[in-house]
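In what follows, a structure is listed as C-alpha cells, so that the remarks can point back to it.
The values are calculated or read from the model by the stated rules, or taken from the named source; none is laboratory data. Given the structure is predicted, the values throughout are model-derived calculations rather than measurements. Note that we place each Cβ from the backbone using ideal geometry, even for glycine, and neighbour counts take in every protein chain shown.
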C-alpha cells in the first residue's frame with residue numbers, strides 16, 4: 001500500500017509541474033501565432049520604439065508608406081456632354097486608365113477615389129468620390145457617352161472643384177482633374193447659389209440679337225450682316241461682321257484685335273508660307289491679351305455690360321448693343337472658366353486637359369491657355385503621366401529624413417539595423433563613401449546585380465549643412481506601396497541619463513519626414529511620422545535609518561528585575577519561508593491522506 005501511495009503522490013506532483021510549464025508557455029504560443037503585420041496594408045506612416053533595455057538602448061522601427069497618408073488620391077473626370085464634343089477616343093483611354101488603377105489599387109493597397117462630373121448647359125455630379133476598387137462598376141458606367149445641349153465649362157469646373165474641396169482627408173497635390181472637352185464654351189454661371197439650386201445648375205448667356213434689326217450709329221442704318229445667334233457660340237460674329245476690325249491691334253503686330261485671330265482660326269496670312277515664317281503666329285499670348293481686355297471691360301461700371309445677361313433657360317432674353325467694347329457671351333464664358341481653373345491650380349490640384357473635336361469650332365488654343373500655369377500650355381495626349389502620378393507616388397528619388405533625439409545617439413553598427421520591404425528582410429552592408437565625414441556612415445540594403453542597392457541609409461553624426469544635427473537619410477531607389485510597405489529597424493542609446501528620482505520621458509527623435517517623389521520625378525507633399533517616447537525610471541532612495549536612542553545610565557541603586565528567556569523573533573523572510581513550508585506540508589498531508597483513503601477504499605472492495 002505504501003508503494004501505491006508514493007506512486008500517486010509522485011504522479012500528482014508531476015502533473016502540477018507540467019501544468020506550470022504549460023501556463024508559462026501560453027504567451028509564447030500566442031506571440032508565434034500572430035500574423036506578420038507586413039502582410040497587411042499599412043494604413044498610416046508609423047514609428048515605434050521599444051522599452052529601454054539594460055544597456056539603455058531602444059529599437060526604433062519606422063514604417064511607410066501609409067495608405068491614408070501620401071498615397072491617398074482623388075481623381076475627378078469632368079466630361080463635356082455637349083453635341084460638339086466627340087471624346088470617343090479619349091473616353092476609351094479613360095476607361096483603360098480606370099481599369100488599370102482599379103487593378104493596381106486592389107493589388108498594392110492604394111487608396112484612390114474617383115468621381116465623375118458631366119456638363120452641358122449645367123453641371124451634374126454623376127458619381128461622387130468613390131473607392132475605385134469597391135465602386136468600379138458604378139464609376140465605369142458614368143463614363144459613358146450621353147449628349148446634351150449647350151456647353152458650360154464654367155459649370156463643370158465649379159462642380160468638380162466643389163467635389164475636391166469637400167474631401168479634407170486628401171492632400172491638394174493628390175487631387176486630380178481630368179477635363180475632356182472641345183473647349184467650345186459659351187455659357188457661364190454666377191459665383192453663388194440661387195435659392196435651392198447650386199450656382200453650376202443655372203446657365204447664363206448674352207446676345208447681340210439680330211443685327212439687321214439694330215441701327216449702326218455710323219450710318220444710321222440697320223447693320224447688314226448676320227442673324228439672331230440665340231445666345232449660342234457664334235454670337236461674337238455679330239460684333240466682328242458688323243464693325244470695323246482695325247480699331248485695335250494685338251501688341252507688337254499689325255493683326256486686328258478680334259476673337260477670330262485670338263483663337264488662331266482665321267489668321268491674316270498663310271502660316272505655312274516660308275515668307276511668313278518670321279511673322280506673328282497664333283498663340284496663347286494673344287488670346288490672353290484679348291481676354292484681359294474684355295476682363296477690364298466687364299469691370300467698367302459705367303458701361304455695366306452685365307446688365308444684358310439672362311438665364312439661358314427660362315430667362316427673359318436681353319439684347320446687348322453691338323459695340324467693340326461689349327463682351328460677347330463667349331468672352332465671359334472663357335474668363336469665368338479660366339478663373340476657376342487657375343484657382344484650382346493655385347490650390348495645388350493637378351490639372352489634366354484632353355482635347356478631341358470634330359466640330360468646326362476649334363477650342364484647343366483656349367484649352368492650352370487654361371493649361372498655361374499647370375502644364376506649360378500643353379494638352380495631355382494620353383494617361384501615362386497621370387497613371388504614374390496616381391500609382392507610383394513614392395518612387396525612386398523619394399527619401400525619409402529622421403532627426404535623432406537630443407538625448408540619444410544612433411547605434412552606428414550594421415549588425416544592429418535591418419530593413420524589411422514586403423516579405424524581404426534586407427541586412428545592412430557598409431558602403432565605402434569618401435564624401436562623408438569620419439563619424440558618418442553609408443549603408444546599403446538589397447544589393448542588385450548592377451551593384452546598386454534597393455535602399456540606402458546615410459548617417460550624419462553632425463551635419464554641418466543642417467545646423468550640425470544628427471540625422472539619418474533613407475534613400476528609396478524603387479517604388480514602394482502600402483501592401484509591401486518598408487520598415488527600417490535601428491537602435492538608439494540613451495546618453496543623457498538623468499539622476500533625479502522619478503520617471504523621465506524622452507522623445508526618441510526630433511522629427512521624421514517622408515519626402516515623396518512620383519515616377520514622373522515630381523515632388524509631392526511631405527508626410528510626417530509620429531514621435532515615439534520611452535521612459536527611464538530613477539528609483540527613490542530608501543530613507544536613512546533612524547538615530548538609535550542612547551542607552552540610559554544605570555541608577556545608583558538598581559531595582560532587581562526578573563530575567564526572562566530571550567525569544568528569537570523570525571525575520572520577514574523566515575515568515576515567508578515558514579508559510580511556504582506550511583502550505584507544502586499541508587498539501588503533502590492532504591495528498592497522502594487522499595491517497596491512503598483511495599487505497600483503503602480500494603482494499604475494502
Tally up the residues in segment 172-197 that are within 34 Å of the chain's Cα centre (by Cα) and without any contact (Cβ under 8 Å) to a residue 40 or more places away in the chain, please. 6
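With in contact with a helix residue (DSSP H, G or I) (Cβ under 9 Å, 6 or more places away or on another chain) and at pLDDT below 90 as the only criterion, which of 543, 552, 570 stands out? Working first, answer last.
Working: 543 fails: in contact with a helix residue (DSSP H, G or I) (Cβ under 9 Å, 6 or more places away or on another chain); 552 fails: in contact with a helix residue (DSSP H, G or I) (Cβ under 9 Å, 6 or more places away or on another chain).
Of 543, 552, 570, the one residue that is in contact with a helix residue (DSSP H, G or I) (Cβ under 9 Å, 6 or more places away or on another chain) and at pLDDT below 90 is 570.
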What residue, among those in segment 174-202 that are out of contact with any strand residue (DSSP E or B) (no Cβ under 9 Å at 6 or more places or on another chain) and part of a loop (DSSP other than H, G, I, E, B), is nearest to residue 327 (Cα to Cα)? 191
Candidates 224, 229, 126 - the one that is surrounded by 13 or more Cβ atoms within 10 Å (Cβ to Cβ), assigned to a loop (DSSP other than H, G, I, E, B) and free of Cβ contacts under 8 Å to residues at least 40 places away in the same chain: 229
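Hey, which of the strands (runs of 3 or more DSSP E) in segment 496-557, taking only ones fully inside, have at least 2 residues that are without any contact (Cβ under 8 Å) to a residue 60 or more places away in the chain and exposed (fewer than 13 other Cβ atoms within 10 Å of the Cβ)?
Values: elements: 502-507, 509-515, 533-538.
Output list reads 502-507.
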Verdict on residue 366 being assigned to a loop (DSSP other than H, G, I, E, B) and more than 18 Å from residue 190 (Cβ to Cβ): no
The lone condition residue 103 fails out of (1) in contact with a helix residue (DSSP H, G or I) (Cβ under 9 Å, 6 or more places away or on another chain); (2) at pLDDT 95 or above; (3) part of a helix (DSSP H, G or I) is (1)
